[in-house]
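*Asks:* Okay, here's the structure, questions in a sec.
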Amino acid sequence: MSGSSANRMRYIGTRITSTVHEKIAQCLEESEMSMETVTQNIRKVDNRTQVGKMNSYPFEGNRDMEAVLELLLTCKANKSIDHFLPFMLRLVLTPSSLLSSTSIDLGTDVRFWKKHDGTVCGFALVDLSVWGLFYLVSPSEEGGELEQEILSWACNRTSHISRGESITLRCRRVREDNSKRISSLARQGFRRDTDREGLRMVRPLDVPLDEPLMPRGFKIRHLSGPDDIDAYVALVNSAIPEATSVETHQRWIKTPEYIPELDLIAVADDGTFAAFCQSYYDPLDLARSTRREGWTDPIGTAPAYRKKGLARAIVLEALWRLKRRGIEDAVLGVAGSNEAAQKLYESIGYRVIYKMYDYVKVL
Ligand SMILES: CC(C)(COP(=O)(O)OP(=O)(O)OC[C@H]1O[C@@H](n2cnc3c(N)ncnc32)[C@H](O)[C@@H]1OP(=O)(O)O)[C@@H](O)C(=O)NCCC(=O)NCCS
């Protein structure tokens, strides 16, 4: 192939935008090349594509993490994404972390979009077994062409992973107040999964807080280490079926984010574990957010010990521990259908700040 035709091919490749097939057809109209030749040359263009003034790239590991985190925190401050995303995505993308998923191929299932000045303005991750689709767009690009490009990429990637089998792509935890994201998803054929309503609730800690009042015959303590894990996992799964496993908790207690003093259990006098409340915070988020935010999640009481005031006492204890560490807002998530938990949280001072829904598209 001559140098000039190679350059032309490269030029054609870099013009591939959101609707790949449309562009291929356009290239074919402009040249006498076969579809096969064009496709081959698109692949040669270093796996990068261009949307208007943006290029997209496969994720290149730690090098890109900082820019993606910057975008996460910008989106969070702009109220375009759910509060839990920054912490969760950071864990997903850190290979040694608790949530790093073996089902994600970081080279192909994660992609980001950059402006020509190098600023990261879009990010997406597709993981069909656990996380579904997560994506970010910088506030100035919300609802525009870039968001459409990201969603097209995610749908194409999903179809590729599923090898043409029909599959549902799920975009989780879309805030009901993010109208731009909702209409972008609708334009791509996603619809709201009405069965799954989630509530994000916050309890400010800089206003009066009740003291925990433990029912007689129970004590609160934190997990003392690996010896407690089997009984702890049995307790959690008795309250929330299949919520965790011994292996997951063993990995969690080895992460830098784990603080043993915030991993609380209520223990009966006979030694039985009866209730739990896990708290934590993301140091990176604390350093950047206007309010210092911590989490009380998950929370639960074994069925045999419910309605004794255990959950109320253990959550209040957790809130005091977070407050003493300088946390200003305690955050948690609860299903819209879980009235018992909502009543408990409201009685402790949590308020709903937004609802969230999953959006799904069958591919
Ligand atoms: C929700 C849950 C944690 C409550 O635990 P608990 O130890 O029974 O709660 P408490 O005894 O401390 O109750 C405190 C308050 O919660 C509310 N509450 C608890 N159970 C309730 C129920 N079944 N229906 C309505 N309200 C309920 C009440 O407001 C209660 O106050 P009251 O004593 O004045 O009525 C428990 O039912 C549970 O583990 N459920 C399954 C797991 C779960 O849903 N976890 C929360 C996920 S976000």
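*Asks:* Answer with yes or no whether residue 122 is at negative phi, assigned to a loop (DSSP other than H, G, I, E, B), small (Gly, Ala, Ser) and not assigned by TED's automatic domain parsing to the domain that holds residue 249.
*Replies:* no
*Asks:* Any idea how many residues of the range 343-356 are more than 12 Å from the ligand (Cβ to nearest atom) and not β-branched (Val, Ile, Thr)?
*Replies:* 5
*Asks:* Go through the residues of the range 336-348 one by one and say whether even a single one is within 30 Å of residue 194 (Cα to Cα), in contact with a strand residue (DSSP E or B) (Cβ under 6 Å, 6 or more places away or on another chain), in contact (Cβ under 8 Å) with a residue 12 or more places away in the chain and crowded, with 21+ Cβ neighbours inside 10 Å.
*Replies:* yes
*Asks:* Taking the condition under 25 Å from the mean Cα position of the chain (by Cα), loosely packed, with under 15 Cβ neighbours inside 10 Å and within 14 Å of the ligand (Cβ to nearest atom), does residue 362 pass?
*Replies:* So residue 362 does not fit the description; no.
*Asks:* For the range 315-327, state whether one or more residues are crowded, with 19+ Cβ neighbours inside 10 Å, among the β-branched types (Val, Ile, Thr) and either modelled with pLDDT under 95 or touching a Lys or Arg at 6+ places or on another chain (Cβ under 7 Å) (or both).
*Replies:* Yes; the residues of the range 315-327 include at least one that is crowded, with 19+ Cβ neighbours inside 10 Å, among the β-branched types (Val, Ile, Thr) and either modelled with pLDDT under 95 or touching a Lys or Arg at 6+ places or on another chain (Cβ under 7 Å) (or both).
*Asks:* Can I ask one more? Scan the range 264-310 for residues that are of a type in the set (D, E, K, R), buried (at least 16 other Cβ atoms within 10 Å of the Cβ) and within 16 Å of the ligand (Cβ to nearest atom) and report the count.
*Replies:* 2
*Asks:* Anything in the range 318-342 that is part of a helix (DSSP H, G or I) and within 7 Å of the ligand (Cβ to nearest atom)? List them, or say none.
*Replies:* 339, 340, 341
*Asks:* Given the structure, is residue 258 surrounded by 15 or more Cβ atoms within 10 Å (Cβ to Cβ), at pLDDT below 95 and more than 16 Å from the ligand (Cβ to nearest atom)?
*Replies:* So residue 258 passes the test.
*Asks:* Residues being in contact with a helix residue (DSSP H, G or I) (Cβ under 6 Å, 6 or more places away or on another chain) and not in a strand (DSSP E or B): count how many of those fall in the range 168-202.
*Replies:* Number of matching residues: 2.
*Asks:* Might you let me know whether the range 231-242 holds any residue that is closer than 17 Å to residue 325 by Cβ, within 20 Å of the chain's Cα centre (by Cα) and at pLDDT below 95?
*Replies:* No, every residue in the range 231-242 fails to be closer than 17 Å to residue 325 by Cβ, within 20 Å of the chain's Cα centre (by Cα) and at pLDDT below 95.
*Asks:* Say whether the condition of being surrounded by 13 or more Cβ atoms within 10 Å (Cβ to Cβ), at pLDDT below 80 and part of a helix (DSSP H, G or I) is met by at least one residue in the range 73-87.
*Replies:* So far as the range 73-87 goes, yes, one or more of its residues are surrounded by 13 or more Cβ atoms within 10 Å (Cβ to Cβ), at pLDDT below 80 and part of a helix (DSSP H, G or I).
The values are calculated or read from the model by the stated rules, or taken from the named source; none is laboratory data. For clarity, every value in this text was computed on a predicted model and none was experimentally measured. Heads up, the Cβs are rebuilt from the backbone with ideal geometry, glycines too, and the neighbour counts pull from every protein chain shown.
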